[in-house]
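In what follows, a single structure is set out as structure tokens and then discussed.
The values are calculated or read from the model by the stated rules, or taken from the named source; none is laboratory data. Quantities reported herein were computed from a predicted structural model and do not represent experimental measurements. Positions of Cβ are generated from backbone atoms using ideal geometry, with glycine treated the same way; all protein chains shown enter the neighbour counts. To get the accessible areas, we keep the full protein, side chains included, count just its heavy atoms, and leave off ligands, DNA and RNA. Shrake-Rupley method; radii C 1.70, N 1.55, O 1.52, S 1.80 Å.
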Amino acid sequence: MVSMVIYFHYLLKFDIPTSSNTLTNFLGSVCLLSLLGGFISDTYLNRLYTILIFGSLEVIGLSMVTIQAYSKDLRPDITCEKSCIKGGIALMFYGSLSILAIGTGGVKGALPALGADQFDSKDPKGAKQLGSYFNWYMLSTTFGAMIGVTFVVWVSINKDWYWGFFMGTMAAIVGFIAIALGKPFYHYPPLRSSPLLRIAQVIVVAFKNRRLTLPENPDELFEINDIDKYQYDEKLPHTNQFRLLDKAAIVPLETFPQPWKVCTVTQVEEVKVLTRMLPILASTIIMNTCLAQLQTFSVLQGAFMDQHIFGKKFPPASIPIFPLVFMTFLIPIYEFVVVPFARKITGHPSGITQLQRVGVGLILSIISMGVAGIIEVKRRDQSIKDPFNPISLFWLSFQYGIFGLADMFTIVGLMEFFYKEAPSGMKSLATSFAWLSLSFGYFLSSAFVDIMNAVTKKIAPSKKGWIEGDNLDESNLNLFYWFLAVLSTLNFVVYLLCASWYKYKEDTAESETESRNDQ
């Protein structure tokens, strides 16, 4: 994915801003479409079939990209300078990216939940294994990304682009075959009715009953006390948060109420759980916006730095190898050293709670932005002082390494949090919320730069935006990084309020049981 921005610029003749925006829009679409895969695997197909169907689309999309990179007739003429993508070339290009985004997004929406389904989170041993699973899932994707930003990028740039895309196509085929071979061994939770329809029903019925008065005793709200009904479902206890939604469970006057006129307490509580998750989701978007900015501008910074590390030339497109290397070593250390030590102190199966883990990631992202600003000052000062002797590309490893560590804490924490806290029939959909946060970050990143330039152009003495123009030495990228650090700090304060307000399902169930025993 990282090398595609260079492919867009050099072979498809996009200018630099268009290349960057095309990539971020594509990555944002992939993450957004993970909701589609999550929804289908919760409602219509099991996780494995969802992965294989969307995986087939991913392979088709990769094949189309490979064919376009190989065929000169499907690429712009080498003499073209502007508006080169049109006609059949444009149809092939946008069609292949669309199919690839749908396929990759659908796989992302179902794959993490398929692995997590194999563990029983209610069993103490299963709860420990579930936390470890998400760590190993992150490590495996890190290994794949390391190969992508080193060997595949090298092949693409030094041999030919279609070879790099062909390698990705073959790797995807092998991966999906490996997943399919596990079919006899997987545990599949039973499918339920559409989570979106259940959510919509609660909202509509609660709105219709908005003028009704809630009963003083929550036990008078409608519920189906049928053991067979809930033998596979998770029956959620009543909570007092978002009590307006309880009006959807007010028993109507009819002796036999129709399903569209009343919702069960469990159905209402499912919506409450998802509603409690939304502030957590929203408070991580700023971090992912910072990540998108760091990815884009670090590659641009690398073009103005000495690209030789240990005597070898290092392409800027491979800069993301820095956080991946850090994560390769730090994830096992976290799993085998930090988690057992923290588990002895806290007694929590994962060492610390999922929201605490996300909080650590947000703090590290603030530090990363501050360090990025300092490195940019050093790079710019040296470039202005002696443009023929720039600082080494290795300096970017500091900001990227810290942010990689932040990503390890945040993404894994979010995936585990959304999976464990989601109602039983919404596991895939809720786990996709972690990718949804990334999606918003990618989509907002381009608009964020435009807004920042428009504002700083008006207030700056030079009447120029902080990151405007083609010359990075004349920009104030360091101020932009520091602004992101300040914004991330304010966002962290909001996150603390959201996290302290959130009630885990286990805590809610325990408090409800204790209150009933006291009565």
Original post:
Considering the values (i) 25.1; (ii) 24.0; (iii) 23.4, which represents Kirkwood radius over Cα pairs in Å as calculated for the structure under consideration?
Top reply: (i)
Subject >> Carbon/sulfur fraction of accessible area - the chain, other protein chains in place, 1.4 Å, % >> reply: 66
Original post:
Among S283, N240, Q201, whose Cα lies farthest out toward the positive end of the dipole of the chain, if unit charges sit on the beta carbon of Lys, Arg (+1) and Asp, Glu (-1)?
Top reply: S283
Original post:
For the stretch 1-192, what does the alpha-carbon gyration tensor say about shape, rounded, prolate or oblate, given a ≥ b ≥ c as the root eigenvalues, a/c under 1.5 as rounded, and a/b over b/c as prolate?
Top reply: prolate
Subject >> Partnerless Cys - the chain, beta-carbon criterion under 4.7 Å >> reply: C31, C263, C290, C498
**OP:** Starting from the amide H of I467, placed 1.01 Å from N in the peptide plane, find each other amide H under 5 Å away whose residue is 5 or more places distant or on another chain.
**Re:** N476
**OP:** Could you tell me which of W161, G370, I147 has its Cα farthest along the dipole of the chain towards the positive end, charges placed at Cβ (Lys, Arg +1; Asp, Glu -1), taken about the Cα centre?
**Re:** W161
Original post:
How would you classify the stretch 6-83 from its alpha-carbon gyration tensor, with a ≥ b ≥ c the square roots of the eigenvalues: rounded for a/c under 1.5, else prolate if a/b is greater than b/c, otherwise oblate?
Top reply: oblate
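Give the whole-number value, in cubic angstrom per residue, of the convex hull volume spanned by the C-alpha atoms of the stretch 273-509. Don't skip to the answer; put the middle values down first.
Values: hull volume 32.2 nm³, N = 237.
Looking at the stretch 273-509, the number lands at 136 Å³ per residue.
If D407, D42 are ordered by their accessible area, calculated over protein heavy atoms with a 1.4 Å probe, which sequence runs from highest to lowest? It would help to have the intermediate numbers written out before the result.
Values: D407 30, D42 5 Å².
Highest to lowest solvent-accessible surface, that is D407, D42.
Over all distinct Cα pairs, what is the inverse of the mean 1/r for the stretch 82-213, reported as the Kirkwood hydrodynamic radius in Å?
Working: mean 1/r = 0.0515 Å⁻¹.
Evaluated on the stretch 82-213, it is 19.4 Å.
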Subject >> Peptide ranges 264-270, 300-306, 446-452, 177-183 listed from the most packed, as the mean C-beta count within 10 angstrom indicates >> reply: 264-270, 300-306, 446-452, 177-183
Original post:
Quick one: Cα centre-to-centre distance for the stretch 284-362 and the stretch 43-118, in angstrom?
Top reply: 27
Original post:
Once both axes come from the Cα atoms, what is the angle between helix 505-518 and the longest principal axis of the chain, in degrees from 0 to 90, rounded to 10?
Top reply: 20
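Is there a quick way to get the dipole size of the chain? I mean about its Cα centre, with the Cβ of Lys and Arg at +1 and of Asp and Glu at -1; what is the value in debye to the nearest 20? Provide the component values of the computation, followed by the final result.
Working: 42 positive and 41 negative charges, 158 e Å.
So the magnitude is around 760 debye.
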Original post:
To the nearest 10 degrees, how steeply does helix 477-501 sit against the main Cα axis of the chain, on a 0 to 90 scale?
Top reply: 10
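Excluding ligands, DNA and RNA, what is the solvent-accessible area per residue of the chain at a probe of 1.4 Å, expressed in Å²? Before the final figure, lay out each step's value.
Working: 24920 Å² over 519 residues.
For the chain, the per-residue accessible area is 48 Å².
Using the crude model of +1 on Lys and Arg Cβ and -1 on Asp and Glu Cβ, and no other charge, please compute the dipole size for the stretch 1-192 relative to its Cα centre, in debye to 20. Please report the intermediate quantities before stating the final value.
Working: 13 positive and 10 negative charges, 38 e Å.
Charge dipole, the stretch 1-192, about its Cα centre: 180 debye, nearest 20.
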Subject >> Crossing angle, helix 354-385 versus the chain [Cα axis fit, 0-90 degrees, rounded to tens] >> reply: 10
